[in-house]
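The values are calculated or read from the model by the stated rules, or taken from the named source; none is laboratory data. Values in this document were obtained by computation on a predicted structure and should not be read as measured data. Here the Cβ is made from the backbone with ideal geometry for all residues, glycine too, and neighbour counts use every protein chain on show. Protein only, heavy atoms only, side chains kept; ligands, DNA and RNA dropped before computing areas. Shrake-Rupley method; radii C 1.70, N 1.55, O 1.52, S 1.80 Å.
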Amino acid sequence: MLLENKKGLVFGLANNYSIAWAIAQEARAQGAELGFTYLNEAIEKRMRPLAESLQASLILPCDVASDEQIAQVFQEVERTWGKVDFLVHSIAFAREEDLEGRYVDTSREGFRIALDTSTFSLVALARAAAPLMKDGGSILTLSYYGAEKAVKNYNVMGVAKAALEASVRYLAADLGPEGIRVNAISAGAIKTLSAKGIRGFSEMLGTYAERTPLRRNVEPAEVGRAASFLLSESASGITGETLHVDTGYNILGM
Ligand SMILES: NC(=O)c1ccc[n+]([C@@H]2O[C@H](COP(=O)([O-])OP(=O)(O)OC[C@H]3O[C@@H](n4cnc5c(N)ncnc54)[C@H](O)[C@@H]3O)[C@@H](O)[C@H]2O)c1
């Protein structure tokens with residue numbers, strides 16, 4: 001039980017396809033007590049039964065574009081738990097028109113929205129969580145290969161993920177002295193609600209399955225298991241790292 005006696009917050013559970021769901025299931029199986037947040041009421045309807053099935057002690061609204069809602073979440077966490085041991089940031093958003101065509105055509109507002117929701121939100125959540133990580137802590141975010149290489153149609157989200165991976169390193173440097181570790185998992189392509197917004201995503205899945213060293217796409221549960229490892233004391237010496245859980249795709253040259 002890697003996460004026994006640990007209390008953890010999961011941001012980004014939308015439905016049973018969400019990567020956050022795979023992570024939460026595994027974290028619960030490893031003994032963690034969980035709290036969840038949701039973007040809006042429509043999402044709440046789908047995620048609440050899932051969260052309740054894992055005996056969640058907290059289910060709270062949180063649009064990460066709102067500093068006020070972020071503050072309210074952590075006030076409630078302090079009231080209920082008095083502390084937090086880990087945080088999972090599994091959130092990203094870009095406008096549909098910015099996930100197709102040419103990156104050079106990204107609008108100023110599209111860029112701002114993608115980077116604010118997908119990247120700055122990690123900074124805001126880490127800053128709010130740190131004072132409650134009284135016995136140290138572990139923060140985990142989700143990235144993708146488009147941070148490292150230009151992937152067709154990923155566009156502004158690739159730039160947001162590059163900034164996210166850099167943020168992981170800067171946050172790890174800042175929070176390390178407080179015993180707080182910050183890491184990312186760079187996951188292979190997984191069919192989720194967000195992924196459907198990327199033009200050509202289904203073809204991408206086929207290409208990966210043909211080419212990766214393991215000749216298949218990654219399973220959400222594999223990301224869940226790697227997440228539990230990084231969130232746990234087993235990874236006590238690892239911070240500022242981006243771990244690829246992508247059936248090996250990133251190691252290929254051609
Ligand atoms: N699916 C993939 O192929 C893949 C691969 C690598 C990384 N990722 C990353 O994994 C993470 C989770 O995505 P997913 O694929 O599970 O899709 P998902 O749609 O299930 O999850 C995305 C979540 O972000 C939330 N969200 C969006 N805007 C928000 C806001 N303003 N405030 C609060 N929450 C907001 C949504 O409500 C949703 O719960 C994302 O960071 C994504 O980029 C996904």
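Things worth noting here:
- Once the chain from Glu100 to Glu76 is taken as fully extended at 0.36 nm per residue, the excess over their C-alpha distance is 4.7 nm.
- A simple rule links phi to the HN-Hα coupling: the Karplus curve 6.51 cos²θ - 1.76 cosθ + 1.60 with θ = phi - 60°, which for the stretch 218-225 gives 6, 8, x, 4, 5, 5, x, 5 Hz, with x for Gly and Pro.
- Annotation for the stretch 76-142: trypsin sites (Lys or Arg not before Pro) lying in DSSP loop with at most 12 further Cβ atoms inside 10 Å of their Cβ are Arg102.
- Counted by Cβ distance under 13 Å from Asp67, the other residues give a net charge of -2, where Lys and Arg count +1 and Asp and Glu count -1.
- The residues of the chain present an accessible area of 47 Å² per residue when probed at 1.4 Å with all protein chains retained.
- Normalised convex hull volume, the chain, alpha-carbon set, Å³ per residue: 120
- The stretch 4-27-the stretch 182-254 distance, computed between alpha-carbon centres (Å): 16
- Gyration tensor verdict on the stretch 82-172 (Cα atoms; rounded if a/c is under 1.5, prolate if a/b is larger than b/c, oblate otherwise): prolate
- For Thr207, net neighbour charge (Lys/Arg +1, Asp/Glu -1) across residues whose Cβ lies under 15 Å away: +4
- When the surface is traced with a 1.4 Å probe over the full set of protein chains, Ser167 keeps roughly 20 Å² accessible.
- Highest GNM mean-square fluctuation among Tyr145, Tyr154, Tyr170, for the chain modelled with Cα contacts below 10 Å: Tyr170.
- Among residues other than Pro131 with Cβ under 15 Å from its Cβ, the summed charge is -1 (Lys and Arg +1, Asp and Glu -1).
- Prolate/oblate/rounded label for the stretch 1-123 (Cα gyration tensor, a/c 1.5): prolate
- The chain, relative contact order [Cα under 8 Å, separation at least 6], %: 20
- Only protein atoms count toward the accessible area here, which uses a 1.4 Å probe; on the stretch 7-249, the carbon and sulfur part of that area reaches 51 percent.
- Cα gyration tensor shape of the stretch 58-134, rounded if a/c is under 1.5, else prolate or oblate by comparing a/b with b/c: prolate
- Evaluated over the chain, the count of Lys pairs having alpha-carbon atoms less than 20 Å apart is 11 (only pairs 8 or more residues apart or interchain).
- Under a Gaussian network description of the chain, with springs only between Cα atoms under 10 Å, the residue in Glu33, Glu210, Glu78 that fluctuates furthest is Glu210.
- About its Cα centre, the dipole of the chain is roughly 440 debye, where the only charges are +1 on Lys and Arg Cβ and -1 on Asp and Glu Cβ.
- Dividing the helix sum by the residues of the chain, where each DSSP H run of 4 or more adds -39500 (n - 2.57), gives a mean residue ellipticity at 222 nm of -12000 deg cm²/dmol.
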